[in-house]
1. Work from the charge dipole of the stretch 205-246 (Cβ charges, +1 for Lys and Arg, -1 for Asp and Glu, about the Cα centre) and give the residue of 228, 216, 246 farthest towards its positive end.
2. Among the lysines, select those whose C-alpha is under 19 Å from the C-alpha of residue 189, and discard any that sit fewer than 8 residues away in the same chain.
3. Contact order normalised by length for the chain, with contacts defined as Cα pairs under 8 Å and 6 or more residues apart; what percent is it?
4. Show that you can apply the helix-only estimate: for the chain, add -39,500 (n - 2.57) for every DSSP H stretch of four or more residues, divide by all residues, and state [θ] at 222 nm to the nearest 500.
5. Per residue, how large is the accessible surface of the stretch 233-365? Use a 1.4 angstrom probe and give square angstrom.
6. Within the accessible area of the stretch 25-124, what % is carbon and sulfur when the probe is 1.4 Å and the other protein chains stay in place?
7. Under 21 Å Cα-Cα from residue 428, which lysines qualify once same-chain neighbours fewer than 8 residues away are excluded?
8. List the residues, sorted by chain then number, that are 5 or more residues from residue 289 or on another chain and whose placed amide H is less than 5 Å from its amide H.
Amino acid sequence: MSSTSFPNGFLWGAASASAQIEGAWNEDGRTPSIWDVATKKQVRHGETCHTACDHYHCFREDVALMKEIGLKSYRFSISWSRVMPEEGKVNEKGLQFYSDLVDALLKNGMEPMVTVFHWDMPMWVYKKGGWLSERIVPLFRDYTKVLVDALSDRVKWWMTVNEPGCFIMNGYLQGVHAPFKRNYLALSKLTRNCMLAHAEAVKTIRQYAKQKPMVGAAFSTGAYVPKTDSVEDIEAARKKSVEIGNGLMANRWWMDPMILGKPVKAYGIFSSKEKDMAEICQPLDFMGLNIYSSMNYGDWGDVEQAPAGIPRNSLGWVIDERVMYWNVRFIYERYGLPIMITENGLAAHDTMSTDGKVHDPKRTDFLCRYLKELKRAIDDGIPVLGYQHWSVMDNFEWAEGYDPRFGLIYVDYATQKRIIKDSAWEYKKIIETNGARL
Ligand code: BGC
C-alpha cells in the first residue's frame, strides 16, 4: 500500500458511448446513425450495434451495478439521432431517456459526465455532408443547445467531442470506421469543420448552462516513454510526443489550435489557419485524455515491430503503463490545463468460469499498474481531476464487433445478463481507499 491517497474529490469512474451500449436503434422515434447502417463486411463477423447491451432498456440495472462498484462518476455519450431524429426536430422520448439516466445517477451518488458526440452521427446529418460540410457547425450548435437546455440543471461536466483525431482519421481517411471513406485530400476541411463545431458547442454550453459547467473535449492522445530517465532521453521523448512526427499528428494537430490558439501545418497542409484561431480556441476547463498504449512501437502501439512476447491486449495493443505518467506529464507541460483521464482500459477475451464469475486478472493488473503511474503524475503536482475507466461494461467495439471485451461488467449478449468482473471488485476497494490500496 502506498502511504498517500489521491486528491480529495477525485472522480473515480467509468465510461461508455451511446452506440456501443444502448441498442434500441429504431425505438421511440430514433433514426439510424452512420454506425447502424454499417454493412456486414465492414464489421467483424458482420455484427451490428442494433441491440448491443440493450442499455436503453436496462439502464436502471446498470446504474445499480455501477453503484455496487462504488463509482463516483459515469461518462456517457448522447445519441444525436435519438434526441434529434431529423433536422430541427426534438424527440422528447429520446431526451427523457437521458434525463432519467441522469436522475438515476445522481440519486445513486454518481456525477454524470456527458460527451456530446462520440462518433454516432445521424444519417440525416451525414446526408447533409457530415464533417465534410460547414453546415455541421450550426447543426452541432443546435444539437448541443437541446442537450444543455434539457440536462444542464443536473449535468455539470461536458465534453464536446470524443477523439476527433480518431473519427476523422478512421472514418474519413483510412476508411475503417463509419462512414468508411478514404478521402485524404479533405483532411484540412474535415479538421476545420470539426474544430469549429467543437468551438460552437463550448460557447453554447457556457451561454445556456444552468449551473457553472466544466467544459472540455476528450482527445485520443499518445506519448513516447523515454528510454532512460536521463535529461536527454526525456527531452527526446517529449519532442516526439508533442512536437514532431506521430506526436504532432496525435496531439498538436488538434490541441494546439483548440487549446493554445496556434495554427498547425504538417506535411504541407493545415489543420487550422490563423484567421480561425479566435473562434476555434475557446477556453476549456479541462482536457480529457484517452490513454491506452505508448507510441514507442509505432503510432498507436498496435504494431509489429514490438519485441516478441511483449505484453499486449487482445487487440494487439502493447501494454506499457509508463505511458500514463509520461503522456499526462508531456501534455500538461505543453497545455497547462487540468486533466481528466476520460478513457483507459484493457481489451481481453473474458469468459464466465464454472463458478459463475468472471476472473480477469490481466485487467486488475492493468488497472493497478496504470493507476500507480497516474499517481506519480499527481505526486509531481499535475492537477488530475479523475479517472474514467474504459469501459463500464463490455460493448460493441466498433469495427471489431463484440470479441474485444473492455468492461468492468461482463455482458452475456445472448441473455443480456451482467456479471461484475473481479477487476471491478478490486476497483471498488481502490475507490473506497481513495487509491491508498494501490
Ligand atoms: C474510443 C472508444 C473505444 C476505445 C477502445 C477509444 O478510442 O473512444 O469508443 O471503444 O477507444 O478502442
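The values are calculated or read from the model by the stated rules, or taken from the named source; none is laboratory data. Just so it is clear, the model here is predicted, and its values are computed rather than measured. Because the Cβ atoms are built from the backbone with ideal geometry, glycine has one as well, and the counts that use them run over all protein chains shown. Areas reflect the complete protein model, heavy atoms only, side chains present, ligands, DNA and RNA absent. Shrake-Rupley method; radii C 1.70, N 1.55, O 1.52, S 1.80 Å.
1. 216
2. 127, 128, 181, 262, 265, 273, 275
3. Working: 909 pairs, mean separation 78.9, N = 438.
Relative contact order, the chain: 18 percent.
4. Computed mean residue ellipticity for the chain: -10000 deg cm²/dmol.
5. That works out to 41 Å² per residue.
6. Looking at the stretch 25-124 in its full context, I get 49 percent from C and S.
7. Of all the lysines, those that pass the test against residue 428 - Cα under 21 Å, at least 8 places apart if same chain - are 67, 72, 107, 357, 362, 372, 375, 417.
8. 219, 340, 341, 342, 343
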